[in-house]
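Novice: Below is a structure I'd like to ask you about.
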Amino acid sequence: MTSKVTTLLGRTSHPSPVKVGGAKGAQVADRIREMIIQDELPPGAPIRERTLSERLDVSRTPLREAIKILSAEGLVEVHPNRGAVVAAPSSKDIRELLQLLGVLEAFAGELACAHGTDAEMAELRALHFEMLAAYTRGDRLGYFHRNQAIHLGLVAMSRNSALIAHHRMINARVYRARYICNLKTERWESAIKEHEQILEALEGRDAGALQAILRRHVIQAWDKMQEIMAREAEAGEAAAS
């Protein structure tokens, strides 16, 4: 698990060219996904094949495969005669998806307490330490990748293939939202504390406590982010008046 995260962390904030020799649709999708969460391709932005193929140094074939992957995930919308654009879900859409994600992760947490091995829990604890190091460095993208690895690892411990598949599908649709939730320092600090509580409950195999924490953790991140943004908007309006 850790090696996969380390590979992700090797990427820079600005995608470097993908080597044509080993280019696959999934690899190109990974690069475009990073551009989306960091607003290099903001919501509503058109996906211009020629521009992206030149920037990523890939042919149109893997690029089109990548667009299909991202469309299936809900990060990109493809319109007949208009091409592809980055999806722009409403705040209501995102909150509803996060509510569902919280339910899925809570159920996964219950199953993980029953089926997870001590070795798997140790791997998540190691990822947590790496995540703390990224937090200390102020490396938000590095933090996010480790954060996601922890959540996906916990769900994998459920041993429930249907749950894992549905969680991946919903999580992909809120990938950008989960990233921007920690762009504000206030929310980032509270997320660190919540992750420590998640691991303590998991390691103690306290299914009830873990379920409650996971339900709160997922939706509170978005609600807190909305609250912070609303305060900043009000402050900006007051300063301008």
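The values are calculated or read from the model by the stated rules, or taken from the named source; none is laboratory data. Just so you know, these numbers come straight off a predicted model, no measurement behind them. With ideal geometry, Cβ positions are generated from the backbone for all residues, glycine too; neighbour counts draw on all protein chains shown.
Novice: Quick test of your reading of the structure: Ala201 fulfils all but one of (1) closer than 30 Å to Glu77 by Cβ; (2) of a type in the set (Gly, Ala, Ser); (3) out of contact with any Gly (no Cβ under 7 Å at 6 or more places or on another chain). Name the failing condition by number.
Specialist: The failed condition is (1).
Novice: Run down Pro43, Pro80, Pro62, Pro15 and say which single residue is at pLDDT below 90, surrounded by 13 or more Cβ atoms within 10 Å (Cβ to Cβ) and not assigned by TED's automatic domain parsing to the domain that holds Ile180. Don't jump to the end; show me each part of the working.
Specialist: Values: Pro43 fails: at pLDDT below 90; Pro80 fails: surrounded by 13 or more Cβ atoms within 10 Å (Cβ to Cβ); Pro62 fails: at pLDDT below 90.
On inspection, the qualifying residue turns out to be Pro15.
Novice: Leu52: over 21 Å from the mean Cα position of the chain (by Cα), part of a helix (DSSP H, G or I), under 24 Å from Val174 (Cβ atoms) and not aromatic (Phe, Trp, Tyr), yes or no?
Specialist: Working: over 21 Å from the mean Cα position of the chain (by Cα): yes; part of a helix (DSSP H, G or I): yes; under 24 Å from Val174 (Cβ atoms): yes; not aromatic (Phe, Trp, Tyr): yes.
Spelling it out, Leu52 is indeed over 21 Å from the mean Cα position of the chain (by Cα), part of a helix (DSSP H, G or I), under 24 Å from Val174 (Cβ atoms) and not aromatic (Phe, Trp, Tyr).
Novice: With modelled with pLDDT under 95, of a type in the set (Val, Ile, Thr) and more than 20 Å from Gln220 (Cα to Cα) as the only criterion, which of Thr117, Thr136 stands out? Show your work before the answer.
Specialist: Values: Thr117 fails: modelled with pLDDT under 95.
Being modelled with pLDDT under 95, of a type in the set (Val, Ile, Thr) and more than 20 Å from Gln220 (Cα to Cα) holds for just one of Thr117, Thr136, which is Thr136.
Novice: Right, here's the next one. Go through Ala112, Ala87 for me and flag whichever is within 28 Å of Ala26 (Cβ to Cβ), touching a Ser or Thr at 6+ places or on another chain (Cβ under 7 Å) and not polar (S, T, N, Q).
Specialist: Working: Ala87 fails: touching a Ser or Thr at 6+ places or on another chain (Cβ under 7 Å).
Testing whether each residue is within 28 Å of Ala26 (Cβ to Cβ), touching a Ser or Thr at 6+ places or on another chain (Cβ under 7 Å) and not polar (S, T, N, Q) leaves just Ala112.
Novice: Let me ask you something else. Mind checking which pairs have a first residue in region 146-161 that is closer than 12 Å to Met121 by Cα and a second that is in a loop (DSSP other than H, G, I, E, B) and not charged (D, E, K, R), Cβ under 6 Å, 6 or more apart or different chains?
Specialist: Gly153/Met1; Met157/Gly116
Novice: Separate question: Scan region 52-59 and tell me whether some residue there is at pLDDT 90 or above, surrounded by 17 or more Cβ atoms within 10 Å (Cβ to Cβ) and of a type in the set (Asp, Glu).
Specialist: no
Novice: Pick from region 125-184 the residues that are of a type in the set (S, T, N, Q) and in a helix (DSSP H, G or I): which of them is nearest to Glu73 (Cα to Cα)?
Specialist: So in region 125-184, the residues of a type in the set (S, T, N, Q) come out as 136, 147-148, 158, 160-161, 171, 182.
From the residues that got through so far, the ones that are in a helix (DSSP H, G or I) too are 136, 147-148, 161, 171.
Working: Thr136: 31, Asn147: 19, Gln148: 16, Ser161: 18, Asn171: 9 Å.
Filtering region 125-184 for residues that are of a type in the set (S, T, N, Q) and in a helix (DSSP H, G or I), the one nearest to Glu73 (Cα to Cα) comes out as Asn171.
Novice: Could I ask something else about it? Of these, Asn182, Asn171, which one is in the same structural domain as Arg216 (by TED's automatic domain parsing), surrounded by 18 or more Cβ atoms within 10 Å (Cβ to Cβ), touching a residue at least 60 places away in the same chain (Cβ under 8 Å) and among the polar types (S, T, N, Q)?
Specialist: Values: Asn182 fails: touching a residue at least 60 places away in the same chain (Cβ under 8 Å).
Going through Asn182, Asn171 in turn, the sole match is Asn171.
Novice: OK, next. Scanning region 128-163 for residues that are under 15 Å from the mean Cα position of the chain (by Cα) and aliphatic (A, V, I, L, M), which turns out farthest from Asp118 (Cα to Cα)?
Specialist: Going through the qualifying residues, I end up with Leu141.
Novice: Which residues, taken from region 66-81, are in contact (Cβ under 8 Å) with a residue 24 or more places away in the chain and more than 15 Å from Leu41 (Cβ to Cβ)?
Specialist: Lys68
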